[in-house]
1. How long are the semi-axes of the equivalent ellipsoid of the stretch 196-306, taking √(5λ) for every eigenvalue λ of the Cα gyration tensor, in whole Å from largest down?
2. Taking the Cα centre of the stretch 1-121 as origin, work out the dipole magnitude from +1 charges on Lys and Arg Cβ and -1 charges on Asp and Glu Cβ, in debye rounded to 20.
3. Are there GluC sites (Glu not before Pro) in the stretch 289-374 that DSSP marks as loop and that have at most 13 other Cβ atoms within 10 Å, and which are they?
4. Can you work out the FRET efficiency for the pair Trp280 and Glu162, with r the C-beta to C-beta distance and R0 = 35 Å, to the nearest 0.05?
5. Two-decimal Rg/Rh of the chain from alpha-carbon positions, Kirkwood Rh?
6. Given Val364, Ala96, Ala196, which one lies farthest toward the positive end of the charge dipole of the chain, if we put +1 on the Cβ of every Lys and Arg and -1 on the Cβ of every Asp and Glu?
7. Using the basic label-point model (7 angstrom from Cα toward the beta carbon), what is the Arg150 to Asp289 distance in nanometres?
8. Report, in degrees rounded to the nearest 10, the 0 to 90 angle that the Cα long axis of helix 288-309 makes with the longest principal axis of the chain.
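The numbers here are math on the coordinates, done by the rules we state, and not lab data. Predicted model, so just to flag it, every value in this text is computed and none were measured. Using ideal geometry, Cβ is built from the backbone for each residue, glycine included, and neighbour counts are taken over all protein chains shown.
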Amino acid sequence: MPPSFQEMWAELLPVGRHSGSGGYRRFAWTAADAECRDWFREQAAARGLLCEVDRNGNQWAWLGDPAAGDAVVTGSHLDSVPDGGAFDGPLGVVSAFAALDELRARGARPSRPIAVVNFGDEEGARFGLACAGSRLSAGELTPERAAGLRDADGISLPQAMERAGHDPEAIGADDERLARVGIFVELHVEQGRHLADTASPVGVASSIWPHGRWRFDFRGEADHAGTTRMEDRRDPMPAYAATVLAARERAAAAGARVTFGKLSVAPNGVNAIPSLVRAWLDARAADQDALGLVVDGIESAAREHAAREGVEVTLARESFTPVVDFAPALRDELVRLLAARRPYEVPVLPTGAGHDAGILAAKVPTAMLFVRNPTGVSHSPAEHAREDDCLAGVEALTDVLEGLACR
């Protein structure tokens, strides 16, 4: 008998967990990532599923013939942001295996193949680009650009894949595999508070806000912190700091969300004026026009403050995902399937967080289920979902798989 939801969760819980922060450091193509991938293979084997690794390192566990096509696929990812929470990604993978078990317990007979997928490097914590595994498969990330992605130690994405035993020469668009997929449904912990104050443990996604990452390079002149007069400095740090404050003001005025969450300083000495402050902006808004205005305003502020400090600033967009409206017919079908068996309302809600489902939406019909998060906190060790809500998510996913794949 395969392990239960609770047993799978308990087994996965310690993998990649940092003893100091209590958060997770499951970065792509590291030892913790390899342990997660081993766990995935073990779960597939425990259920007699065919486990494959595609050309981009994504893992697939198949119930039925993969070549038959029109498959119903579910799953998520197992990697994390630095010191992230336990639920973001893994809840979708664990729930997928548990839903297959429940399907079998119900005696359901799939008429279409069903697969569980673990997409690689969804968070982009190591190489700076989110959803790298699904972007490669969908052709949104070229092998040439992937070769230019490097971690903090200068190791490229292909090099890391090769060191982990994967052939980097194979990476690239995978139209043949995606052609096998008829529908992709991703279950995910909600990263917000839409469900927190309702009687509904599960909701259905309507859309994903447009979002992107921009790199700002503020370049000045390194000098001695003790001997250089304030008026003689070309210090990039004040220009950066003023830009952060300006970004918050512009985002608040537009109802957008912006974050400078990653920073690199050179020479990074306590007693040295920096020569370079490199900062990454994450920006999101309800529509692309609003997002464009906010980012343009932040760029203008950066240039104004840089000029005031006598430094230079350059801006580069590293990634961008336009608004994703999930397939309306599929979204409505999920609501119908869930509402038919539940005494509570099934909310339909947008999200400001990016997901593999958003990347695949350009290639196949996709949908998402959200499981209630009592605090709304995510990308933090405080991220949480109650066990009864998680099990409600498993039941909801089972109903969806039965309705879509067992007709």
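1. Gyration-tensor ellipsoid for the stretch 196-306: 36, 15, 11 Å.
2. 240 debye
3. Glu345
4. 0.85
5. Over the Cα atoms of the chain, Rg/Rh equals 1.00.
6. Result: Ala196, furthest along the dipole toward the positive end.
7. So the label points at Arg150 and Asp289 sit 4.1 nm apart.
8. Here the helix axis deviates by roughly 20 degrees.
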